[in-house]
Amino acid sequence: MITVIYAKNIDKEVRLAMYGMLEWSAMKLFPTIMKNVSVKLHLKRYNYDGEAMVEEGCEGKNPRNFKIVIDPYRLSIDDWGRELNYSEWVSAILKTIGHEMVHVKQYIRNELSFNKGKMCWMKKRVDFKTNEDYYSSPQEVEAYGKELWLYLGYNDAWNRIKESEKSEEKT
């Protein structure tokens, strides 16, 4: 998978973790075609916590080029207005990457699409009039359900790698 991260003031280890989460998610969600997919991750101010989209000019029946936008400023505050500490903030970013990668999988499999500017799930138009409509929609139920699965799996792998690095340093 080709991945590019556009982000300012992100330390090297967090950037590495973001690349890792993109790859881990692709490996879990669409392993057979991940080599044909490109994802550009942008961390910048945005209207939502995150959004995955087919890259402009690449729309069609089999999209393979995607853009994910995540607002790191919105993710620095939790649902109760509390400012997250650094490690909580990094975890929120990684979970959001997992969530948005589920949407990438949905685009790849043509489960999620746009028709005449309107979102469609399994070729049926989706309309969000309320938060309840949004959170109960099939694409969000799947994305919210799998974001934690992806995050916990990746976090476990990351921690095992860090532990083995520490063991190697001692020897």
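Things to note:
- Within the range 62-171, chymotrypsin sites (Phe, Trp or Tyr not before Pro) in DSSP loop having at most 16 other beta-carbon neighbours inside 10 Å: Tyr73, Trp80, Phe128
- For the chain, the share of accessible area belonging to carbon and sulfur comes to 51 percent (1.4 Å probe, ligands and nucleic acids excluded).
- What you get for the chain, charging only the Cβ of Lys and Arg (+1) and of Asp and Glu (-1), is a dipole of about 700 debye around the Cα centre.
- Relative contact order (percent, whole number), the chain, Cα cutoff 8 Å, 6+ residue spacing: 20 percent
- Folded to 0 to 90 degrees: helix 86-108 orientation relative to the chain principal axis, Cα: 40 degrees
- Accessible area expressed per residue, the chain, with surrounding protein chains retained (probe 1.4 Å, Å²): 62 Å²
- The range 44-97 shape via C-alpha gyration tensor axes, a/c threshold 1.5: prolate
- A Förster radius of 22 Å, combined with the Cβ-Cβ distance separating Glu13 from Ile77, puts the computed FRET efficiency at roughly 0.45.
- Evaluated at q = 0.14, 0.15 Å⁻¹, a Debye calculation over the C-alpha positions of the range 29-171 (equal weights, vacuum) places log10 I(q)/I(0) at -0.76, -0.85.
- Cross-link partners of Lys67 among lysines, defined as those whose alpha carbon lies under 22 angstrom from its own and excluding same-chain residues fewer than eight positions apart: Lys8, Lys12, Lys28, Lys35, Lys40, Lys44, Lys95, Lys105, Lys116, Lys118, Lys123, Lys146.
- Dipole moment magnitude, nearest 20 debye, the range 22-89 about Cα centre, only Lys, Arg, Asp, Glu C-beta charged: 360 debye
- Backbone N under 18 Å from the Glu165 label point (7 Å along Cα→Cβ), restricted to the range 64-103: 87-88, 90-91, 94
The values are calculated or read from the model by the stated rules, or taken from the named source; none is laboratory data. Predicted model, so just to flag it, every value in this text is computed and none were measured. Counting neighbours? That spans all protein chains shown, and the Cβs are built from the backbone with ideal geometry, glycine included. What goes into the accessible areas is simple: the full protein's heavy atoms, side chains included, and nothing from ligands, DNA or RNA. Shrake-Rupley method; radii C 1.70, N 1.55, O 1.52, S 1.80 Å.
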